[in-house]
Amino acid sequence: MTSDQTLSVDDTLAVLRAVGEATRLRLISLLSESEMTVKDATAILGQSQPRISRHLKLLTEAGVILRFPEGSWVFYRLADGPRGALARDVVARMSEGDAVLSADSERFAGLRKTKAEEAASFFAQKALTWDKERSLHASDRDVEAAMLRIVGEKPFQSYLDLGTGTGRLLELFSDHYVSGLGIDASHDMLAVARANLARAGISKAQVRHGDIYALNVPPRSFDLVTVHQVLHFLDDPQRALSEATRALRPGGRLLVIDFAPHNLEFLREAHAHRRLGISRDHMKRWLDTLDLELEAVSDLEPQTGADTQLTVTLWLARDRRIITDLPLATPAQEVA
């Protein structure tokens with residue numbers, strides 16, 4: 001183990017002192033599942049906001065968790081380095097049957113389910129006009145042209161679109177793939193997507209109801225996976241990207257399209273946005289964690305005269321594994 005993966009005695013003691021308190025143990029247990037806000041933690045633990053904020057501050061100062069503001073909200077998550085790893089080890093050694101931790105986990109799951117249902121309700125209400133609403137934020141024509149450029153003209157076998165919505169990307173890339181699949185959590189969206197695909201005469205693509213956090217698709221099956229304007233609706237984007245990565249074939253590509261960071265708070269209430277854009281630093285860290293190689297990043301400025309000044313960013317990453325048709329060497333061949 002390298003030195004940057006280990007801690008000194010003093011640093012180890014600092015981490016253990018930071019987590020060595022009942023509320024802070026409960027907090028790191030929750031943060032080992034997903035990042036969250038002070039409001040989330042207050043609702044789950046049933047403690048006051050000042051008390052929760054003080055405990056989060058102590059954990060942040062000890063380097064156990066990271067704090068990152070996003071508009072008027074602040075998200076917290078476990079640190080990536082050895083301090084965060086030590087905290088995860090502590091959590092892993094706590095009993096899964098502990099009554100307090102189990103209750104916290106159940107409340108957290110309930111909170112996340114409520115948020116997911118709110119987003120699903122929003123999508124159901126907006127399904128018929130979703131493509132039109134997207135055009136208010138950025139030029140679909142420019143974004144689609146940029147997607148085609150970044151993917152290139154070379155055809156591929158299989159394509160997966162996560163959060164497919166109206167199925168527009170299944171139409172856009174229809175000349176590139178042999179078989180396509182769109183996944184969405186909204187039955188209303190899927191109904192629109194099926195109608196659109198039928199209208200376009202595209203029979204080689206299908207859409208399916210599914211959970212972006214738990215994809216019911218074979219692993220290592222797709223040459224291209226897209227996540228178009230989805231991450232800013234999610235409570236845990238990295239978890240969704242992890243599922244997307246699991247679906248990639250060796251050497252396959254992941255294309256993510258989302259808004260760059262912005263300060264349009266009204267999008268939380270009016271459009272069910274969970275995040276005010278995705279920063280390049282966040283995306284780079286997520287992709288590195290998933291062992292994906294970032295190949296290209298592109299920004300598209302908002303269309304001239306748009307009321308909402310939103311920049312769209314495209315990230316293209318590739319699975320580092322390579323495909324080879326060479327037979328595996330036998331032990332005898334290796335010796336020879």
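The values are calculated or read from the model by the stated rules, or taken from the named source; none is laboratory data. Fair warning: this is a prediction, and the values are worked out from it, not measured in the lab. Neighbour counts are summed over all protein chains in view; Cβ atoms, including those assigned to glycine, are modelled from backbone coordinates with ideal geometry.
Given (1) more than 25 Å from ARG268 (Cα to Cα); (2) at pLDDT below 90; (3) aliphatic (A, V, I, L, M), identify the lone condition not met by ALA87.
Unmet condition: (2).
Report, ordered by the first and then the second residue, all pairs with beta carbons closer than 7 Å, sequence separation of six or more or different chains, a first member in the range 16-34 that is assigned by TED's automatic domain parsing to the domain that holds TYR76, and a second member that is assigned to a loop (DSSP other than H, G, I, E, B) and surrounded by fewer than 19 Cβ atoms within 10 Å (Cβ to Cβ).
Within 7 Å, the pairs are THR23/GLN47; SER29/MET94; SER34/ASP236.
Please count how many residues of the range 187-226 are within 22 Å of the chain's Cα centre (by Cα), modelled with pLDDT of 85 or more and not aliphatic (A, V, I, L, M).
Residues that pass the stated criteria total 13.
Look through ASP211, ASP223, ASP188, ASP236 and report the one residue that is among the acidic types (Asp, Glu) and without any contact (Cβ under 8 Å) to a residue 60 or more places away in the chain.
Details: ASP223 fails: without any contact (Cβ under 8 Å) to a residue 60 or more places away in the chain; ASP188 fails: without any contact (Cβ under 8 Å) to a residue 60 or more places away in the chain; ASP236 fails: without any contact (Cβ under 8 Å) to a residue 60 or more places away in the chain.
Within the list ASP211, ASP223, ASP188, ASP236, the selection yields ASP211.
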